[in-house]
Structures are given as structure tokens and as C-alpha cells.
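J.: Below: one structure in C-alpha cells.
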Amino acid sequence: MNPELDDLRLAVDAADAALMDALAQRLAAARAIGHWKRAHAVGAVDRAREDALRARWTERAVAAGVPAPMAAAVLGAVLDGCRAEVARLVDG
């Protein structure tokens, strides 16, 4: 093995762990929102909020040097998963 490459891969592994932690935090927040929406008879999906998130992610991606299509794909997957979880909680 190559020690330099191993160190670089460790950095990728650390970033992956941080991403997973962030996903877990986001899912926990989405679940809390789902419980609130169910208690207050609010629909599961807020398209205006999702549109605002997409715009904000695109802006942040560009500023961070992340390709916008990559950020859009990640956000799309995150929204799909969180939307499904919120719908499950709201709709029972």
C-alpha cells in the first residue's frame, strides 16, 4: 500500500462519516417535523420550502466548489428519503 494514498482515503472515510452523521441529524429533524405536522394537521409536503432548499443548495455548492448537479443529486435523494419519512408519520 501507499501511505500517502492511505492518508487520502482516511480523509475520504472521515468525510463519509461526517456525511452520515449529518444525514442522521437531518432525518431526526425531519421526523420531529413529521410529528409536529401530524399533531397540527399540516400536509407532509411543502414544495415552496423544497424549492427554497434547492436554490440555497445550488448557491452553497457553487461557493464551495461542488458541482451543482452533484449537489442537486444529493439533495434530491435526501429530500426523497425525508419526504417519505414525514409522509409516513403524517399519514400514518
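J.: Beta carbons within 10 angstrom, averaged per residue: use that to sort the peptides 55-61, 32-38, 67-73, highest first.
T.: 32-38, 55-61, 67-73
J.: Heavy-atom accessible area of Arg9 with all protein chains present, probe 1.4 Å, nearest 10 Å²?
T.: Number for this one is 120 Å².
J.: I would also like to ask the following. How would Val62, Val86 line up by accessible area, probe 1.4 Å, largest first?
T.: If we order Val62, Val86 from most to least accessible, we get Val62, Val86.
J.: Let me check I've understood the local charge: for Ala52, count other residues with C-beta under 13 angstrom from its C-beta, Lys and Arg +1, Asp and Glu -1. What total comes out?
T.: With Lys, Arg at +1 and Asp, Glu at -1, the net is +1.
J.: Continuing with this model, one more query. Below 11 angstrom from the Cβ of Gly34, what's the summed charge of the other residues (Lys, Arg +1; Asp, Glu -1)?
T.: +3
J.: Set the Förster radius R0 to 35 Å, insert the Cβ-Cβ distance between Ala87 and Val12 as r into 1/(1 + (r/R0)^6), and round the FRET efficiency to 0.05.
T.: Working from the Cβ atoms, E equals 0.60.
The values are calculated or read from the model by the stated rules, or taken from the named source; none is laboratory data. The structure displayed is predicted, hence computed values, not measured ones. A quick note on method: Cβ atoms are made from the backbone with ideal geometry, for glycine too, and the neighbour counts reach across all protein chains shown. Just the protein is used for accessible areas: all its heavy atoms, side chains included, with ligands, DNA and RNA removed. Shrake-Rupley method; radii C 1.70, N 1.55, O 1.52, S 1.80 Å.
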